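What follows is a single structure, written as structure tokens, with notes after it.
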Amino acid sequence: MLSNLLADFYEKDIRKLIEEVNLFNNEENLWKIEGSVKNSCGNLVLHIIGGLNHFVGTTLAHTGYIRNRDQEFSRKGVETKELVAQLEALSSMINKTVSALTKEDMEAEFPIFFDKPKTSVSYVLVQLLLHLNYHLGQVNYLRRILK
């Protein structure tokens, strides 16, 4: 079923993001930018945590998470262990939420506006997974540049 497949992909990509965060030998490099890059790896991680907690956690799992998108890009200096703990909690919440969705749930209209009117839950979950994967690639690339 698509929900189980998506749950597995989310877990795989979040695990890879945790690995990327842990590969920073110098924790300060998590917050550095290079050249025309405007977002640090740490801020991209906070953005992933915030966005997924909002769209999956608040909207589908009713966690009560309150997103502060501006802070995802302005906050600095969060310790590696805190980022990893938040990613671990995010992975668990997404796995539990997404794997429990039925075919009917996946075909239902997403409860809030996403990027266009009347999108399905499955559409939003695929778009969010693609967004996660995009930022995961950015984190990997920037980490290697900053070595």
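The values are calculated or read from the model by the stated rules, or taken from the named source; none is laboratory data. Just so we're clear, the structure is a prediction, and the values are computed from it rather than from any experiment. No Cβ is skipped: glycine too gets one built from the backbone with ideal geometry, and neighbour counts run over all protein chains shown. The accessibility values were calculated without ligands, DNA or RNA, using every heavy atom of the protein model including side chains. Shrake-Rupley method; radii C 1.70, N 1.55, O 1.52, S 1.80 Å.
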Helix 2-22 vs. the chain, principal-axis angle (Cα, 0 to 90°, nearest 10): 10 degrees
On C-alpha positions alone, give me the angle between the axis of helix 41-52 and the longest principal axis of the chain, in degrees, nearest 10. 10 degrees
Counting pairs of alpha carbon atoms under 8 Å apart in space and at least six apart in sequence, what relative contact order in percent does the range 34-80 give? 44 percent
With no solvent and one equal point scatterer placed on each C-alpha of the range 18-66, evaluate the Debye formula and give log10 I(q)/I(0) for q = 0.15, 0.23, 0.25, 0.32 Å⁻¹, two decimals. -0.51, -0.81, -0.86, -1.09
When the solvent-accessible surface of protein heavy atoms is calculated with a 1.4 angstrom probe, in what order do 93, 1 fall, highest first? 1, 93
At 0.36 nm per residue, minus the direct Cα-Cα distance, what do residue 36 and residue 66 gain on full extension? Give it in nm, one decimal, please. 7.7 nm
To the nearest Å², the heavy-atom accessible area per residue of the chain with 1.4 Å probe amounts to 55 Å²
Folded to 0 to 90 degrees: helix 121-145 orientation relative to the chain principal axis, Cα: 10 degrees
Close Lys-Lys pairs in the chain, where close means Cα under 25 Å and separation is 8 or more or interchain: 22
Net charge within 11 Å of residue 121 by Cβ-Cβ distance, Lys/Arg positive one each and Asp/Glu negative one each, not counting residue 121 itself? -3
Pop out the carbon and sulfur fraction of the accessible area of the chain as a percent, whole number, probe 1.4 Å. 53 percent
Using a/c under 1.5 as the rounded threshold, could you call the chain rounded, prolate or oblate? The axes a ≥ b ≥ c are square roots of the C-alpha gyration tensor eigenvalues, and prolate needs a/b larger than b/c, oblate otherwise. prolate
Scoring the chain by relative contact order with C-alpha pairs under 8 Å, at least six apart, yields a percentage of 37 percent
How much solvent-accessible surface does residue 69 expose, in Å² to the nearest 10, with a 1.4 Å probe and all protein chains in place? 120 Å²
Note to self, the chain gives a 222 nm [θ] from helices alone (DSSP H runs n ≥ 4, -39500 (n - 2.57) apiece, / all residues, nearest 500) of -20000 deg cm²/dmol
So what's the range 63-143 giving for Rg/Rh, alpha carbon basis, Kirkwood Rh from the mean inverse pair distance? 1.00
When all protein chains stay in place, what accessible area (Å², nearest 10, 1.4 Å probe) is found for residue 102? 60 Å²
